[in-house]
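One structure below.
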Amino acid sequence: MPKYREARIAKGLKQADISAALRQFGEYVPVPVISRYETGQSLPTPRQHEIMCKVLDSEELLSEQEVEFSFIRRVKPPVGPGTSIYRLTADTPQKLANKYAPLGVKIKACGLKSLSHAAALCLRCLNLRYLRAIKKMAAHDGINIADGKTKKDSVSGTILTHRSEKVNV
């Protein structure tokens, strides 16, 4: 358990005084967060801890275990433009999402890891349906289109798309 509270009381300071001292060093920490540090609900950053040690004239406010454990952060891959991750946001009706069972229960029951995993499977199905639709349109129009690509007509010099629109070259 951190010893911030004992050191602060021994020094005769209030939580607001600690917050003001941190602010002088460029660290904004509101009083409720100072309270969380004192009760052990959260831990300060290394810089905040260093400043608090100076203000409270104490070096051992945290044990070695607390310091080593508290600064492990989960690494998340970058998302967005220029990365391999496509950010997908969609609004779906509650009735559809929770039909038969809550969404989380259905995901676990189907052996999926997460909602992202379920969305990836849905996108794979969509890609397969798209390829089938393209082939069906191509067969209907009498054009041999492989994987949705266009084909140039060698006789007329026009490009034929999957909807048989003619574009002059």
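The values are calculated or read from the model by the stated rules, or taken from the named source; none is laboratory data. Owing to the predicted nature of the structure, the values given are computational and were not obtained by experimental measurement. We place every Cβ from the backbone using ideal geometry, glycine too, and count neighbours over all the protein chains shown.
Quick look at the values:
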read-out: Flag for S70 being under 12 Å from K3 (Cα atoms), modelled with pLDDT under 80 and surrounded by 11 or more Cβ atoms within 10 Å (Cβ to Cβ); value: no
read-out: Test: residue in the stretch 5-15 that is over 30 Å from S116 (Cβ atoms), surrounded by 11 or more Cβ atoms within 10 Å (Cβ to Cβ), outside the structural domain of S116 (by TED's automatic domain parsing) and at pLDDT below 80; value: no
read-out: Subset tally (residues that are among the β-branched types (V, I, T) and assigned by TED's automatic domain parsing to the domain that holds L115) for the stretch 91-105; value: 1
read-out: Any pair with Cβ under 9 angstrom, 6 or more apart, that starts in the stretch 114-127 at a residue that is without any contact (Cβ under 8 Å) to a residue 24 or more places away in the chain and ends at one that is among the β-branched types (V, I, T); value: S114/I107; L115/I107; H117/I107; A118/I107
read-out: Given (1) farther than 27 Å from A21 by Cβ; (2) at pLDDT below 75; (3) acidic (D, E), index of the condition D91 fails; value: (2)
read-out: Complete set of residues in the stretch 18-34 that are in contact (Cβ under 8 Å) with a residue 12 or more places away in the chain and closer than 15 Å to L56 by Cα; value: I18, S19, A21, L22, F25, I34
read-out: Only listed residue being modelled with pLDDT under 85 and of a type in the set (G, A, S), chosen from S35, S19, S63; value: S63
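For every residue, the table says whether it meets (1) farther than 26 Å from P77 by Cβ; (2) of a type outside the set (K, R).
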residue	(1), (2)
T92	no, yes
K95	yes, no
Y100	yes, yes
K108	no, no
L115	no, yes
A120	no, yes
L126	no, yes
R129	yes, no
R132	yes, no
